[in-house]
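The values are calculated or read from the model by the stated rules, or taken from the named source; none is laboratory data. Because the structure is predicted, anything quoted here is derived from the model rather than measured. Heads up, the Cβs are rebuilt from the backbone with ideal geometry, glycines too, and the neighbour counts pull from every protein chain shown. Please note that ligands, DNA and RNA were not included when accessible areas were found on the heavy atoms of the full protein model with its side chains. Shrake-Rupley method; radii C 1.70, N 1.55, O 1.52, S 1.80 Å.
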Amino acid sequence: MVTPVFDLKSHWDSIYATKALNGVSWYQDNPERSSSLIDHCGLEKTSFLIDVGSGATHLIAELLDAGYQAITALDISEAALQVAQTQLGERASQVEWITADVRNVTLRPYHYDLWHDRAVLHFLTRTEDRAAYIRTLRRAVKPGGQAVIATFASDGPEQCSDLDVMRYSPESLTELLGEGFSLLETLAETHITPWHSEQRFTWCRFRVTGADSTLEGGDNACGDLIMQIFGRMKTLEPSQVLEVVTTDPGAPIDLAAWCRQTGHALVYQAPAVMKDSPSQFYIQKKGS
């Protein structure tokens, strides 16, 4: 007998279609911890924010109230996002809504300044699903952007919404994310559910570099710098990203031209902060 494949989308659609907004354990009148850590990111109001596993949270309304102008809400459940849009009324048009599974969604590369996830990652119990989540995160957030992630803590629940979950400490979450993530801040939270039980959460704020390898090009110009890049790209797998740090003033033109010629992609450029200080270029190796 073939075991039926569990449909995660149907599971969450059913919950949001049949339960009251405050009838789920994760409900919060005030998403205080999310708002606080987002404030700590020091973002401009024009920054691009994505709330992953957005559900029917009040956070989107709070972000709009705070003046943020470029918000994306992503959730696997269309029913959840419909509830959220209904709550916002006319203001829903100010938000980009994406119904998709974070494990396989294609987002604009290196687009977001902030990735916020209050309760998606801890539902990913399979190694391959966690790896897919991290790939999506790394390719969606601008190099130097930030990620605010909350999971059940090491002493948190072992199940939620009839699903097994993973539990994390700040150390184990940092280890899971791996290279390219620098831990900036961590907080503990005891969430009180609508029926007054306790759920312990781990919150972490990370800086995201977005690169799989870094090349310090110094002041090497044109030909020498390109040869260095050419050699380093040979060590990368298709679709991996090389960060090039250089003070060469001709790099923006030279690297863009080289990428066009070779089929690699210059996916992002972080300009020099001051005259004669390094610029950073992120080059994604072409697919096989």
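Mind ordering 250-256, 210-216 by average Cβ neighbours within 10 Å, highest first? Please list the in-between numbers first.
Working: 250-256: 16.7, 210-216: 18.4.
In decreasing order of mean packing, 250-256, 210-216 become 210-216, 250-256.
Given K9/K45; K9/K285; K142/K234; K142/K286, which pairs have Cα atoms separated by over 30 Å?
Beyond 30 Å: K9/K45; K9/K285.
Once you list every other residue whose beta carbon is under 9 Å from the beta carbon of V52, what net charge do they have if Lys and Arg are +1 and Asp and Glu are -1?
On the way: positive: R118; negative: D51, D75, D117.
Cβ neighbours under 9 Å give a net charge of -2.
Mind checking the per residue accessible area of the chain for me, 1.4 Å probe, whole number of Å²? Write down the numbers at each step before the final one.
Numbers: 14220 Å² over 288 residues.
It amounts to 49 Å² per residue over the chain.
Tally Lys and Arg at +1 and Asp and Glu at -1 over the other residues with C-beta under 10 Å from the C-beta of C222: what net charge comes out?
Values: positive: none; negative: D224, D248, D254.
Around C222, the surrounding residues sum to -3.
Spelling out what I want: for every residue of segment 169-182, take phi, set θ = phi - 60°, compute 6.51 cos²θ - 1.76 cosθ + 1.60 (Karplus), and round to whole Hz; glycine and proline get x.
For segment 169-182, the Karplus curve yields 9, x, 5, 6, 5, 4, 5, 4, 5, x, 4, x, 10, 10 Hz.
Distance between the C-alpha centers of segment 17-74 and segment 213-260? Whole Å please.
38 Å
Pop out the carbon and sulfur fraction of the accessible area of segment 129-175 as a percent, whole number, probe 1.4 Å. Please report the intermediate quantities before stating the final value.
Details: 800 of 1830 Å².
Carbon-and-sulfur percentage of accessible area, whole number: 44.
If you line up the long axis of helix 251-262 against the longest principal axis of the chain, both from Cα atoms, how many degrees apart are they, to the nearest 10?
Result, in degrees: 80.
Compute the FRET efficiency between A66 and T106 as 1/(1 + (r/R0)^6), taking r as their Cβ-Cβ distance and R0 = 35 Å, and round to the nearest 0.05. Provide the component values of the computation, followed by the final result.
Working: r = 29 Å, r/R0 = 0.82.
E(calc), rounded to 0.05, equals 0.75.
Expressed as a whole percentage, what fraction of the accessible surface of segment 177-288 belongs to carbon and sulfur atoms when a 1.4 Å probe is rolled over the protein heavy atoms?
The nonpolar share, carbon plus sulfur, comes to 52 percent.
Roughly speaking, to the nearest percent, how much of segment 1-70's 1.4 Å accessible area is carbon and sulfur?
Values: 2020 of 3800 Å².
Within segment 1-70, the accessible surface is 53 percent carbon and sulfur.
Show me 140-147, 152-159 ranked by packing, highest mean number of other Cβ atoms within 10 Å first. Present the calculation step by step, with values, prior to reporting the outcome.
Numbers: 140-147: 23.2, 152-159: 15.6.
Per-residue Cβ counts within 10 Å, averaged per peptide and sorted highest first, yield 140-147, 152-159.
Please report Rg (one decimal) and Dmax (integer) in Å for the Cα set of the chain.
20.7, 68
Taking the 0 to 90 degree range and rounding to the nearest ten, how far is the long axis of helix 78-88 tilted relative to the main principal axis of the chain, both from C-alpha atoms?
For 78-88 against the chain, the angle is about 80 degrees.
Where does the charge balance sit around T262 when Lys and Arg score +1, Asp and Glu -1, over other residues with C-beta under 10 Å from its C-beta?
On the way: positive: R260, K285, K286; negative: none.
Overall, the nearby charge balance is +3.
How far is helix 127-140 tilted off the main Cα axis of the chain, in degrees rounded to 10, range 0 to 90?
Long axis of 127-140 versus the principal axis of the chain: about 60 degrees.
For E185 paired with Q261, estimate the spin-label separation in nm (one decimal), with each label point 7 Å from Cα along the Cα-to-Cβ line.
If labels sit at E185 and Q261, their model points lie 4.6 nm apart.
Just to verify a number: FRET efficiency for T193 and S239, C-beta to C-beta distance, R0 = 45 Å, to 0.05?
0.65
Could you calculate the FRET efficiency of L21 with E44 from 1/(1 + (r/R0)^6), where r is the beta carbon distance between them and R0 is 30 Å, rounded to 0.05?
Values: r = 31 Å, r/R0 = 1.04.
It comes to 0.45.
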